[in-house]
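Visitor: First the structure, which I've put down as structure tokens, then a few questions once you've had a look.
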Amino acid sequence: MRGNCYIPSGCSVSGIMSESGRRQDGNAIIKSIALMHDRANGLGGGFAAYGIYPRRSDLYAFHMMFDDIVAKERCEEHFKDRFDIVLDEEIPTRPGGAYEGMTAGRYDEEGVQPITDPPILWRYFMDIPEAKTKFVSDREYVVEKVMEINSTIDGAFVASSGKNMGAFKGVGYPEDIGVFYKLGEYKAYTWTAHGRFPTNTPGWWGGAHPFCLLDWSIVHNGEISSYGINKRYLEPFGYRMELRTDTEVVAYLFDLLVRRHNLPIELAAKVLASPFWVDIDRMPDRERRIATAIRQVYGSALLNGPFSIILGHSRGMVGFNDRIKLRPMTCARKDDMLYMSSEESAIREIAPDLDEVWSPRAGTPVIGELDEGVV
Amino acid sequence: MVMTSELPPEFIVKIDYDRCRRCKRCVMNCSFGCMHFTDRVVPEHKLCVACQRCVTYCPEHAITITKNEMAYKENLNWSPETRQNLLKQAETGGILLVGMGNPRDYPILWDHLLIDACQVTNPSIDPLREPMELRTFLGRKPDRLEFVESEDGEIDIVTEIEPQVRLDVPVVFGAMSYGAVSLNVHRSLAMAAKRSGTLMNTGEGGLHRELYPYSGNVIVQVASGRFGVHSEYLNTSAMVEIKIGQGAKPGIGGHLPGEKVDEEISKTRMIPVGSDAISPAPHHDIYSIEDLSQLIYAIKEATDYKKPVSVKISAVHNVAAIASGIVRAGADVITIDGFRGGTGAAPMVIRDNVGIPIELALAAVDERLRNEGIRNNASIICAGGIRNSGDMAKAIALGADAVVTGTAALVAMGCRICQKCYTGNCAWGIATQRPELVRRLDPQVGSERLSNLLAAWSLELKEILGSLGVNSIESLRGSRERLRGVGLDSMTLELLGVKPAGVGQ
């Protein structure tokens, strides 16, 4: 499907983070996203997990999807000249496994498999040869390679490319995808999840959320109506929009603003969901100058249209809505835990007793950060 | 030897004598001397230019003007106009002179572009209930912002941003010089620009001192004749524009005949009363891009780096490369003027045959600046042939920061596009210096009509944004994904960067 279809999406999102860096297995996030089963339609689900490879945390973990063995071989040839592959292995899966929750038994009744036709799923733990990064930073180098693979190697797709993190995604209901990937056996301090309702075409495995680049991951409910200009803004910076879905621009915009332009995450969120001029005009001088400059300089990066987004990265998790909150998002805290979800029920499902529950204001980011010195 | 003209009348003026009550209002209103009164109104058809002044002001609606259809034997190659032009040249031996923009049947690409709208998956937004932002800033922007965090955790901005001009609506008035148009036109434009939060443009004839209080809403132009240019003039502005070319007459200078240069124009242009004001085709101090850069920086020095400097060029074949050079030469704003752009006077052969459509020029310039990574370094203003808010929205989607309305603004003030601007007889008091005609345009009324026009366009643009599901103009700017082409060949679509209608995202 890739390369010839565009997929706007409905969807559910959920995120769990321990700010003290406690790692927990994937059962809770699966349970949370499973509750929102009806917000998806079985055409895509996925998870991002941070802290899952502590023993290989200094290596880039590439989660790859290959259409066939030829694509895999071509990609490995490509890797060999560009990386030191320390370890590569199949990503463990449980074909035919279905989520045993309130939707259990439906596949037996219908006589179908929950997850069918997966691509070859392989992960590579890789180092970068020193000679390769004489003129570019490690991370810039990885970004270049990811863009290269996605756009030039037919049938090969990078699902994630960060350190000590990974994306697990595919076509199916998210809870079944979680079981398929045996997420109960991974431990992470941040989990994000996505259930997908693409509205006009069948999903393909690479097109499921989260979208990842380096350690950035995005799960997104909504549609980016400003996609056209966001894409044109990103292209001269070397980003290639190959996935035919609006969500990828969000991941690339964060990469550009935070990694390359060095903006604090709060300000990057202000770029993507800027305050209105009526509010800017009333701000105190310093804030007004900052907000005005952001809109003047980064207007083409403004995300317009309905969205609720959870951004995951190594040091935290950020949730935010579009400027007029056309998609739902609820946040909650309990001890060191931060929760974000499309629905409060999906939080209560796994943490009935909460210290605080709130719906963030339109355009106002909710920022979770790992405590100093953790991980 | 003076020849008797053999030209037939272009129009026929019909008077309904049953209705006419002989008030002579038509006689008084006709500035072309077409209407005579003996015992009743007798039109001299040959002098009629179809400016519609008499028709509009006849209290009995007793006048109709029609084309003189049956003057020639039908021939698709030798149109009546072609034949008449040959006769004119045979009689005079001169260059045919015309006013206003290219009227020929070239494709109008705006009419082959359609705008997207939201359905279901992304909601449209009701502009009457939700904020809808049109605020636009013209000027050079840095590629990125740098911030610093103080010891107590306060974040502040380090990057110095060059001067920006704020527009409340992304449309500015076109450059029309005092001299080509009347002072009342300048007054109307200045008052309307102030009221609507936008800019008027002096054109190349300087700024009358009476309008200095409007400095915050004025683009002052520096053209090849340097008329009215002095230090105070440059500093009495929101922005300075170097005019290299004009869409209606690329590569051609200008000529204001001496008879129009009265006392006030003489003072404003700094030339003797009654002397011709001739703008050379090139600036005689700009023979290269380095020379242009020198002038840009000379102006920046003269204005203490407080004003953005714009360079206006006409849309010609190599416009993208030229624009790129201009941005690199230091221009903060680039105005591209298409071949539909208006003029007070131009040789017909130039107006009708030189230049390229603004749609293609705009698309090429925006794409080129993006590919070179310098799009943020300059704003793009799109001029020449913007007829309505639909054209404006499409121009912004192709990549313009703002558009220009020149002809449309004149029409709002009364112009009927009769294309006789160069005669100085404008019956609507616009392109004339005859005091009795100038008086016909009341600046209060003119400015109100202009503000109404901009208010209407703003409302319409907000409706378009709302239907697109975005609430800010920057999400439309350059978003060609929201346009589709109909009836365009694949090369044109590629140049416009637009997909054909029927193709999804």
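The values are calculated or read from the model by the stated rules, or taken from the named source; none is laboratory data. These numbers were taken from a predicted model, which means no experiment stands behind them. Cβ atoms come from the backbone with ideal geometry, glycine included; neighbour counts cover every protein chain shown.
Visitor: Which fully enclosed strands (runs of 3 or more DSSP E) of segment B:219-279 have 1 or more residues being over 21 Å from B:PRO347 (Cβ atoms)?
Guide: Strands (runs of 3 or more DSSP E) meeting the threshold: B:239-243.
Visitor: Considering only segment A:281-297, state which residues are surrounded by fewer than 19 Cβ atoms within 10 Å (Cβ to Cβ) and more than 7 Å from chain B (Cβ to nearest Cβ).
Guide: A:ASP281, A:ARG282, A:MET283, A:PRO284, A:ASP285, A:GLU287, A:ARG288
Visitor: If B:ARG104 satisfies every condition in (1) farther than 17 Å from B:LYS420 by Cα; (2) surrounded by fewer than 12 Cβ atoms within 10 Å (Cβ to Cβ) but one, which is the exception?
Guide: Evaluating B:ARG104 over (1) farther than 17 Å from B:LYS420 by Cα; (2) surrounded by fewer than 12 Cβ atoms within 10 Å (Cβ to Cβ) leaves (1) as the failure.
Visitor: Residues that are under 19 Å from the mean Cα position of the chain (by Cα), touching a residue at least 40 places away in the same chain (Cβ under 8 Å) and assigned by TED's automatic domain parsing to the domain that holds B:ASP352: find the strands (runs of 3 or more DSSP E) completely inside segment B:105-184 holding 3 or more of those.
Guide: Where strands (runs of 3 or more DSSP E) fall fully within segment B:105-184 and carry at least 3 residues being under 19 Å from the mean Cα position of the chain (by Cα), touching a residue at least 40 places away in the same chain (Cβ under 8 Å) and assigned by TED's automatic domain parsing to the domain that holds B:ASP352, they are B:171-173.
Visitor: Shifting gears a bit: Restricting to segment B:493-505, name every residue that is within 14 Å of chain A (Cβ to nearest Cβ) and assigned to a helix (DSSP H, G or I).
Guide: Correct list: B:LEU496 only.
Visitor: Only residues that are buried (at least 20 other Cβ atoms within 10 Å of the Cβ) and not hydrophobic (A, V, I, L, M, F, W, C): list them for segment B:263-278, please.
Guide: Selection gives B:THR268, B:ARG269.
Visitor: Can you tell me which condition B:LEU450 does not meet? The list is (1) in a helix (DSSP H, G or I); (2) over 21 Å from the mean Cα position of the chain (by Cα), and all the others hold.
Guide: (2)
Visitor: Given the condition of a type outside the set (A, V, I, L, M) and within 14 Å of chain A (Cβ to nearest Cβ), answer yes or no: does some residue in segment B:398-417 qualify?
Guide: For segment B:398-417, residues of a type outside the set (A, V, I, L, M) and within 14 Å of chain A (Cβ to nearest Cβ): present.
Visitor: With respect to A:GLU148, determine if the residue is surrounded by fewer than 24 Cβ atoms within 10 Å (Cβ to Cβ), away from every other protein chain (no Cβ under 12 Å), modelled with pLDDT of 95 or more and more than 17 Å from the chain's Cα centre (by Cα).
Guide: Here the answer is no, as A:GLU148 does not meet what is asked.
Visitor: When the residues of segment A:265-280 are narrowed to those that are outside any helix (DSSP H, G or I) and surrounded by fewer than 24 Cβ atoms within 10 Å (Cβ to Cβ), which ends up nearest to the other protein chains (Cβ to nearest Cβ)?
Guide: Residue satisfying both the conditions and the ranking: A:PHE276.
Visitor: Does segment B:185-200 hold any residues that are in contact (Cβ under 8 Å) with a residue 60 or more places away in the chain, crowded, with 24+ Cβ neighbours inside 10 Å and of a type outside the set (Gly, Ala, Ser), and which are they?
Guide: B:VAL185, B:LEU189, B:THR198
Visitor: Still on this structure, please answer the following. Collect the residues in segment B:133-155 that are within 8 Å of another protein chain (Cβ to nearest Cβ), more than 18 Å from B:ASN377 (Cα to Cα) and either touching a strand residue (DSSP E or B) at 6+ places or on another chain (Cβ under 6 Å) or among the polar types (S, T, N, Q) (or both), keeping them in residue-number order.
Guide: B:GLU133, B:PHE147, B:GLU149, B:ILE155 - these are the residues of segment B:133-155 that are within 8 Å of another protein chain (Cβ to nearest Cβ), more than 18 Å from B:ASN377 (Cα to Cα) and either touching a strand residue (DSSP E or B) at 6+ places or on another chain (Cβ under 6 Å) or among the polar types (S, T, N, Q) (or both).
Visitor: For segment B:463-492, which positions are in a helix (DSSP H, G or I) and within 7 Å of chain A (Cβ to nearest Cβ)?
Guide: B:GLU474, B:SER475, B:ARG480, B:GLU481, B:ARG482
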